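What follows draws every value from the coordinates through simple rules; no lab data is involved. All of these numbers come straight from a predicted model, not from anything done at the bench. So basically every Cβ, Gly included, is an ideal-geometry build from the backbone, and we count neighbours across all protein chains shown.
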Amino acid sequence: MVRIEVSEEADWKLFEDVARVIEQGLGGCWKERLDGLGQRYWDLLVGEHTLTLHLEHYLGISVVIPDSADDIARRVCALLKQPPCG
């Protein structure tokens, strides 16, 4: 599993901006969106892979990508202007 750290801040607006960027950039569709008081877990289906966009109050925002999806991990890094991963 690859975890891309997006922000140390648990910013709900940034989370939604990231969600839009990866949805449009990868051409995926949201399978599930779970929102709680201090957490959010949104699952994006891209082809046969499920990515999880995660927000947690004390941890910030991250994208979790399965090990079998190295190309998608690289694409997410590029979309979010993060250092290359994978």
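The residues of region 54-72 that are under 11 Å from the mean Cα position of the chain (by Cα) and of a type in the set (Ser, Thr, Tyr) amount to a single one, SER62.
Of all the residues in region 9-50, those that are out of contact with any helix residue (DSSP H, G or I) (no Cβ under 6 Å at 6 or more places or on another chain) and exposed (fewer than 15 other Cβ atoms within 10 Å of the Cβ) number 22.
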